[in-house]
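Undergrad: Below is one structure. I have some questions about it.
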Amino acid sequence: MSTTLAQSRSPFVSWLTVTSLMLGIFAIVTSEILPIGLLTTIGADFGISDGATGLTMTLPGIVAAVAAPTVTLTTARLDRRVMLCVLMAVLAAADVLAAVATSYWVMLISRVLVGLTIGGFWSIGAGLAGRLMPPHAVGTATAVIFSAVPLGSVLGVPTGTFIGDLAGWRTAFLVLAALAVLVLAALLMLLPPLPAHQVTSPRVLLGLLRTRGARTALLATFLIVLAHFGTYTYVTPFLQDVTGLRPAAVSAVLLAYGIAGIAGNFLAGKATSTRLRAAFATCGCLIAATTLLLPSVGGTTAGAVVLLVVWGLAYGGVPVCSQASFITASPHTPEAATVVFTSSFQATFALGAFLGGRVVDAFSVSTAMICGGLTALLMAMYLWSLPRSR
């Protein structure tokens, strides 16, 4: 059925459809992590601390971690086209709600809706390349869809921060809502009917978690995502308070971070086919080095810029390596692997942002950097200590 569907559509329309899915995930990822670049501004607007504002990062991750398996399993027999369109409409509503929020509680409700969209859309949409493209193009199409993850991380935040600095943080969320509406229109026009094809069951998910490769991927992902989001969530307060940069300069540094992240994404993508574990461990080593050095070297503009560029290069490869690790552990059940990847990534994302906020409020943002660096170092040491795969 999948092959017939792919062959009945022109290659141009098929690639437009894949691109619309990529843009959907890009809008979702950017909506989720946009508060990183606007943390201080949002907190000041609602009169709360940077650590408390970090809840805008924690909450979507918690909801997404639960929504990924829940939405995928409960809607397993529904048309995937309908589900994706509904979830994109929810994202648009969430971003509008954030833009008009009159209190912090309303803002948090919007973040719950973002988390629901992340868990459902990412888990369902990321595995559709095989149904939309002919067999020879599935690999490339999957790579295009997943490129939205690092692109949202490395381009979405700097661009959103720039818009927020120019016109206010609420305007940045309105722009994202407009993007979500455009993606919804594209999905309605381009996506063909996609009835239930390969049903993912709880038994399949549990079977995946019992494999040694999946457990290794889980632990490595837990440590590196914990380290990254426990520190990067609060990089804007660090650059403003410790480095002494103005908001416009912070946007420029985050843009440099983003450009480096794109390069890291492609470099890691090439390395995963031959040296996956080494590439993943190298990302951990670089993140450890940059976050541990930031409290001392990051006090100067030059030092902060260099370290943020290296950090971006390293993190650009993390989602690629993590996803590839889960797929390698379960090559015959890609949707299950994507669900586990999404759920574990988002749960740890939330935990990292939460714990980082507690450290920032109790001690300092520099202390959070050191704690994250030690955690990333532990992840790298764990992967390097594993016996070489046959």
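Undergrad: Counting just the Cα atoms, what span does region 321-380 cover along each of its three principal axes? Round to the nearest Å and put the largest first.
TA: 47, 21, 10
Undergrad: In what sequence, highest mean first, do 18-26, 40-48 appear when ranked by Cβ atoms within 10 angstrom?
TA: Final packing ranking: 18-26, 40-48.
Undergrad: Mind ordering 255-267, 218-230 by average Cβ neighbours within 10 Å, highest first?
TA: Values: 255-267: 20.0, 218-230: 24.8.
Those peptides, ordered most packed to least, come out 218-230, 255-267.
Undergrad: Here's something else I'd like to know. Could you give the nm distance between label points at residue 49 and residue 188, where each point is 7 Å from its Cα heading toward the beta carbon?
TA: 4.6 nm
Undergrad: Name the residue from 330, 231, 297 whose Cα lies farthest towards the positive end of the charge dipole of the chain, charges +1 on Cβ of Lys and Arg and -1 on Cβ of Asp and Glu.
TA: 330
Undergrad: In addition: Quick one: net charge around residue 194, please, counting Lys, Arg +1 and Asp, Glu -1 for every other residue with C-beta under 9 Å from its C-beta.
TA: +2
Undergrad: Which net charge results when you count Lys and Arg as +1 and Asp and Glu as -1 among the other residues whose beta-carbon is under 15 Å from that of residue 250?
TA: Details: positive: 246; negative: 50, 165, 241.
Neighbour charge sum, excluding residue 250 itself: -2.
Undergrad: List the extent of the Cα atoms of region 260-390 along each of their three principal axes, largest first, rounded to whole Å.
TA: Per principal axis, max minus min of the Cα coordinates gives 48, 28, 27 Å.
Undergrad: Right, here's the next one. Per-residue ellipticity at 222 nm for the chain, helices alone: DSSP H runs ≥ 4 residues times -39500 (n - 2.57), over residue total, nearest 500 deg cm²/dmol?
TA: Mean residue ellipticity at 222 nm (helix-derived): -26500 deg cm²/dmol.
Undergrad: If you don't mind, there's one more thing I want to ask. If you project the alpha carbons of region 192-302 onto the principal axes, what extent comes out on each, in Å, largest first?
TA: Sorted largest first, the three principal extents are 53, 36, 26 Å.
Undergrad: Sorted by packing (mean other beta-carbon atoms within 10 Å per residue), highest first, where do 53-60, 174-181, 91-98 land?
TA: Working: 53-60: 25.5, 174-181: 20.2, 91-98: 22.8.
Highest to lowest by the protection proxy: 53-60, 91-98, 174-181.
Undergrad: OK, next. Can you give the Rg to Rh ratio of region 113-266, both from alpha-carbon atoms, with Rh computed by the Kirkwood formula?
TA: On the way: Rg = 19.0 Å, Rh = 18.7 Å.
A ratio of 1.02.
Undergrad: Within a Cβ distance under 15 Å of residue 219, other residues only, what is the Lys/Arg minus Asp/Glu net charge?
TA: +4
Undergrad: Given the alpha-carbon gyration tensor of region 28-183, what are the semi-axes of its equivalent ellipsoid in whole angstrom, ordered largest first, with each equal to the square root of 5 times an eigenvalue?
TA: 29, 17, 13
Undergrad: Which of 151, 128, 39 moves the most in a Gaussian network model of the chain with Cα springs under 10 Å?
TA: 128
Undergrad: Which of (i) 23.6; (ii) 20.7; (iii) 22.0 is the computed Kirkwood radius over Cα pairs in Å for the structure on display?
TA: Given (i) 23.6; (ii) 20.7; (iii) 22.0, the calculated one carries the label (ii).
Since every read-out is calculated from the coordinates, none of them should be taken as a lab result. Keep in mind it's a predicted model, so treat the numbers as computed, not measured. Quick reminder, even Gly has a Cβ in these numbers, built from the backbone with ideal geometry, and neighbours come from all protein chains shown.
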